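Here the structure is laid out as C-alpha cells; the discussion comes afterwards.
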Amino acid sequence: MNILFVGDIFGSAGRRIVREHIGHVIAAHAVDLVVVNAENAAGGFGVTPEIADDLFELGADVLTTGNHVWDKRELIDYLKSEPAESQARPRRVLRPANLEAGLPGYGVFEGTTRGGASYAVIQLMGRVFMNGTNDPFRAVDDLLPTVKAKVILVDFHAEATSEKVAMGWHLDGRVTAVLGTHTHVPTADDRVLPGGTAYQTDVGMSGPYDSVIGVEKELVLHRFRTGMPGKFEAAKGNPKMCAALIGCDAETGRASSIQRIMLGE
Ligand SMILES: [Fe+2]
C-alpha cells in the first residue's frame, strides 16, 4: 500500500504547485491514500471549506491542520457539521486530537481506501514552544487502543525537532508513519525506524520557498530588524510541493519505505 503525505500547503502559490503535481505523483506511484496538511492553505492562515473541497477534488482523502485550525471562522461550522461516524468531507478534515475536550472537530479519522484497505489518520500537536494543547504522548496512548485500522498515519504538528524525534520513537512499531509538520522546512532524516514506523521530522511546506517559511521575506525582515508589528502576507516566489511517499503492508501496517519528494515549477 502506498501513502502520499503532502506537507503544509501555504497560500495560493502552495495550492497552485500542489494542483500541478499531485495528480501525476498519485498516478506514477500507484498511491492508495492521500493525506494533505492544509492548515496554511488560505493565504497562510487556516483553510476554508471551499479550499478543502478543492483539495478533495484533487485526490486528497484526509486533510490535517494544526495551530491555525480556528483561523477561518467558517471552518469551525464545517467541522461541526458531521457526526463522529460520518465519512463525509467535513469529517475528513482533522484538528489536533490533544486539544481541550469538547472542541469542534475530531483528531482521528478511520476510513477505507478505494482498494478496500482500512486506515486511520491521527493528528497531534506539540507542546514545546506552542500553546493550547494537552500532552500529545499521553493523548496518542489513549487514542491508539480505540483505533481498529492497522495502517495508521500520524501528523505531528510541532515546533521542536526534539519533540518530534521523541514522538517517532514513542510510536515506533505502533503506527505506520509519524510525519512532522509546522516548521515548513523539510528535514533529511526520512527513514524507517527499527519497529517498522516511517519517520521524517518535517515534511516541509508546499509553498513559496523565496520567503520566510511562506511569508513575504521583506515583511518578516522588517519585524526582526525593528520589532515593529506588521501584517504578514503569503509570498509567491519559487513554489515547491514537499511530500513523503510511504510504502507499507496493508495487513500489518508496517512501513517498508519512505521517500522525500520536492517538486518545483
Ligand atoms: Fe502550524
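Points to keep in mind about this one:
- Antiparallel bridge percentage (DSSP; both residues within the chain; nearest 5): 50
- In loop segments of the range 71-160 as defined by DSSP, the GluC sites (Glu not before Pro) with at most 12 further C-beta atoms inside 10 Å of their C-beta are Glu85, Glu100.
- Exposed loop positions in the chain were taken to be trypsin sites (Lys or Arg not before Pro) whose DSSP state is not H, G, I, E or B and which have at most 14 other beta-carbon atoms within 10 angstrom. Between these positions, the longest stretch is 1-113.
- Paramagnetic label zone (point 7 Å from Cα along Cα-to-C-beta, Lys231; backbone N under 17 Å) in the range 1-28: 11-12
- Counting Lys and Arg as +1 and Asp and Glu as -1 over every other residue whose Cβ lies under 14 Å from the Cβ of Ile26, the net charge comes to -2.
- Residues of the range 180-210 with amide N under 18 Å of a point placed 7 Å along Cα→Cβ from His24: 207
- Within the listed set Leu144, Leu94, Leu63, the residue fluctuating most in the Gaussian network model of the chain (springs between alpha-carbon atoms under 10 angstrom) is Leu144.
- Computed [θ] at 222 nm, helices only, for the chain once each DSSP H run of length n ≥ 4 contributes -39500 (n - 2.57): -7000 deg cm²/dmol
- Beta bridge orientation in the range 36-191: antiparallel %, DSSP, nearest 5: 25
- Proximal charge balance of Pro96 [Cβ under 11 Å; K/R count +1, D/E count -1]: -1
- Using the alpha-carbon positions of the range 152-227, Rg (one decimal) and Dmax (whole number) come out as 15.0, 48 Å.
- Here each label is just a point 7 Å from Cα along the line to Cβ, and for Thr187 and Phe45 those points are 2.9 nm apart.
- The chymotrypsin sites (Phe, Trp or Tyr not before Pro) of the range 59-133 meeting both criteria, a DSSP state outside H, G, I, E and B (loop) and at most 15 other C-beta atoms within 10 angstrom of the site's C-beta, are Phe129.
- Here's how it looks for Ser256: its modeled amide H is under 5 Å from those of Gly247, Cys248, Asp249, which are all 5 or more places away or on a different chain.
- The range 42-168 shape via C-alpha gyration tensor axes, a/c threshold 1.5: oblate
- The chain: relative contact order in percent, alpha carbon pairs under 8 Å with at least 6 residues between: 20
- Length gained on full extension, Phe224 to Asp77, computed as 0.36 nm times the residue gap minus the Cα-Cα distance: 49.3 nm.
- The Stokes-Einstein estimate for the chain, based on a Kirkwood radius over Cα pairs and taken at 25 °C with 0.890 mPa s viscosity, is a diffusion coefficient of 136 µm²/s.
- Charge context of Ala198, other residues only, Cβ under 15 angstrom, K/R +1, D/E -1: -1
- Qualifying chymotrypsin sites (Phe, Trp or Tyr not before Pro) in the range 1-64, where qualification requires a DSSP coil assignment and no more than 16 other C-beta atoms within 10 Å, comprise Phe45.
We did not get these values from a lab; they are worked out from the coordinates using the rules stated. Every value quoted in this text rests on a predicted model; they were computed, and no experiment measured them. With ideal geometry, Cβ positions are generated from the backbone for all residues, glycine too; neighbour counts draw on all protein chains shown.
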